[in-house]
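For reference, the structure discussed in these notes is given below.
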Amino acid sequence: MDNTIQNVIMWNEAEEMRKAGKYDQALPIFLNCFEKNADEGSLWRAVHCARKVGDYQLALNLIEENKFMLGVSQALKNQFCWLKYDTCIEKNKKSGNWEAVLKASEEMLDACGEDIESLIFKLALFSGIDAAKALSDNTKILELTDLIGPEKLPADGESFNGKKLISYRERWFFARLSALFDLQLYEECRELALQAVKSYPRKMEFSRRGALCLMMLGKLEEAEEELMVISKIRGCPWYIAADLAKIRFSCGRFDDALKSAYQAANMHGELQTKVNVFTLIAKIQLVLGNIESAKNHVILSCSIRKHLKWKYTEELKQLASRFGIDDVLPLPQIAIKACEKDWKENFVNEGKIVEVEDGKILQSGLTGIVTAIVENRPFTFISRKDNGKQVYARISDIPEDLRYSGAELEFDLVESLDKLKNKKSVRAANIQTISLALAA
């Protein structure tokens, strides 16, 4: 048989092996073909197979020795990008070497060129964005997000283990908005936030960012109005109440600011994330003349920061000095007890939703656990923590992040009508995450 025909047959067989995932068998054939023909097709396939079998050094050597082909072969460029991803990105992310991650990402993006539709471009782009975030390089984030517009990124996230992941487009919006805000480009940030809201009207973070831009631009009344709308949404997080407290404090409405700050303190959320809320409460109480409460909240803020080895803010340093607070501090779980008394006594959940169209509220502030969520069934039951009784609940009334078996939640018990039996019954309403006051 003619050698040329035999080589073609071997090459085709190797290609079938490669497509079938038999990279170890295909690799030596492609290496042999490239040695004989110095063709681009055999080279990138040899690199691909070497990468897949984990022989990264061989793959790197093949590219290094034939760099001139990178300029004419997009397939080889893609293999170079995947090789960089395999050898540099994941390893350096785990070790926290963000400078190396950023460098590799930029090399990959340069190699991708105009191939912005590919998966490797997206992986390189967002690896670079993650690195820039870790390095607090907001200017670099803007440079990277300038490479592609949000409309060219997938609007929907993929599903993994039954859970929908955040989409590339959402990640782009989050990254650019954060960078613009941190760079104090509030007008541009506000405009982009409104664009993001149009694409994702149910994403509270985008609406919040737009409102915070108004606040930073000095448009406090407009900002408060927008945040109040967000605060009425089911599952609204504690930091919306904290934002309202800041605005009201800036406006000199100290009693209203304190109510919002207490609401934020009471709502579900990790203690350390609320450290600035506790400092704000101290400032408000100081203005109102409630010295003991102010001191207790300064102690709590200092205790959390010391326990986590975080630096004190200049504001907190001044407050600590004002009260003569030194480094001898109780643990956060001890310091919080003096503050929780204030929170519970003054708890006002102004953001709570009241949507009871078919009966009056019989009991408020109950807690319970979702028993089961059955696919395509529009209702479930909540097991009350106080007596174990089962309470009927509509799935549509439960915030999306609490729609799973075992979810702990807070609710009101309201009158309802059992239409099948045509008699009065009860159901759960105003369902939300458990506030800190009730959890305690």
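Computed extension gain for Lys341 through Ile361, at 0.36 nm per residue and net of the alpha carbon distance, reaches 4.6 nm.
Placing +1 on each Lys and Arg Cβ and -1 on each Asp and Glu Cβ, with no other charges, gives region 188-293 a dipole about its Cα centre of roughly 280 debye. Positive end of the dipole of region 3-150 (Cβ unit charges, origin at the Cα centre): among Gly96, Leu144, Ser127, the Cα lying farthest that way belongs to Gly96.
When the pairs Lys94/Lys140; Lys274/Lys317; Lys91/Lys309; Lys133/Lys341; Lys246/Lys344; Lys94/Lys283 are compared against a 29 Å limit on Cα-Cα distance, Lys133/Lys341; Lys94/Lys283 fall above it.
Counting only DSSP H runs of at least 4 residues, each contributing -39500 (n - 2.57), and dividing by the residue count of the chain, the helix-based mean residue ellipticity at 222 nm comes to -17500 deg cm²/dmol.
One chain, two ends: Thr139 and Lys306. Fully extended at 0.36 nm per residue, the span grows by 57.0 nm beyond their Cα-Cα distance.
If every alpha-carbon in region 3-150 counts as one equal scatterer, what log10 I(q)/I(0) does Debye give at q = 0.12, 0.14, 0.15 1/Å? The computed values of log10 I(q)/I(0) come out as -0.55, -0.70, -0.78.
A Förster radius of 30 Å combined with the Cβ-Cβ distance from Glu158 to Phe381 puts the calculated FRET efficiency at roughly 0.40. Per-residue extension of 0.36 nm, minus the Cα-Cα distance of Glu314 and Thr4, leaves a gain of 103.9 nm for this segment.
For region 361-439, a Kirkwood hydrodynamic radius built from all Cα pairs, placed in the Stokes-Einstein relation at 10 °C and 1.306 mPa s, yields a translational diffusion coefficient of 126 µm²/s. Listing Glu224, Glu107 from fewest to most neighbouring C-beta atoms within 10 Å gives Glu107, Glu224. Ranking Ile247, Val287, Ile369 by Cα position along the charge dipole of the chain, where only Lys, Arg, Asp and Glu carry charges on their C-beta atoms, puts Ile369 farthest toward the positive end.
If the Kirkwood radius is taken over C-alpha pairs of the chain, then at 37 °C and 0.692 mPa s the Stokes-Einstein diffusion coefficient equals 124 µm²/s.
The distance from the alpha carbon centre of region 363-382 to that of region 240-263 is 33 Å, rounded to a whole number.
Look at Leu144, Leu286, Leu217 and count the other Cβ atoms within 10 Å of each Cβ; fewest to most, that gives Leu217, Leu286, Leu144.
Rule-based calculations on the coordinates, nothing more; no lab input. Quantities reported herein were computed from a predicted structural model and do not represent experimental measurements. Note that each Cβ is placed from the backbone with ideal geometry, even for glycine, and that neighbours are counted across all protein chains shown.
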